[in-house]
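Accompanying notes for the structure given below.
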Amino acid sequence: MSAGGIIGIIVAVLAVCCCCTHRRVIKALVKVLWEFGGMTEGELGKKVRLDSGTLAPLLKRLEKQGLIERIRPENNERKLFLKLTRDGEALKQKALAVPCAMQNCIQMPKEELLLLRELLNKALHSMETE
C-alpha cells in the first residue's frame, strides 16, 4: 500500500470517528489542541505549519461545527485565542479508537508498528528542529 493509500485510510477512519473530512482540520485538532489545550491562532499555525490565510478558514469551519471557540482578548484585539468546546473535547474520546482501527488496516506485528511509530515521531521531530 502506498503512503497516499495509508493517508486515505487515516482520513476515512477519522471522518467516520470524528465527523471530519479535512486532513488539516483533523491535524489541528488531534495534534495540537487536544495535546496542548487552548492557544492563539498564531501558536497553532506554527505547530501545524500553516499560515493564517490557510488556517483561518479551517478554524471558522471548526467553530461553525461547534468544535472550537475563537475568543478575542479585550487587552489585545489582534490576537485570537482558540479553545475546544465540550463537543470538541468529546471528539477526543472517539478519536482514541483511531489507532486501533489503523492497526487493523495495517497488517504488521505490534512490535513493528511500535517501531514504525517511533521512527515516524523521530522523523517529525527532526523536521520540527530544522
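We did not get these values from a lab; they are worked out from the coordinates using the rules stated. What you see is a predicted model, and the numbers here were worked out from it, not measured in a lab. FYI the Cβ positions are ideal-geometry reconstructions off the backbone, even for glycines, and counts take in every protein chain you see.
Descending by average beta-carbon neighbour count within 10 Å, the peptides 67-76, 44-53, 114-123 line up as 44-53, 67-76, 114-123, the highest first. Highest mean packing comes first when the peptides 85-91, 34-40 are listed by Cβ atoms within 10 Å, giving 85-91, 34-40. Note on Asn75 and Thr40: the model spin-label points, each 7 Å out from Cα along the C-beta direction, lie 1.3 nm apart.
Let me make sure I get this right: for region 61-111, a, b and c are the square roots of the gyration tensor eigenvalues over alpha carbons, sorted descending. Under 1.5 in a/c it's rounded, otherwise prolate if a/b > b/c, else oblate. Which is it? Judged from the Cα gyration tensor, region 61-111 comes out prolate (a/c at least 1.5, a/b above b/c).
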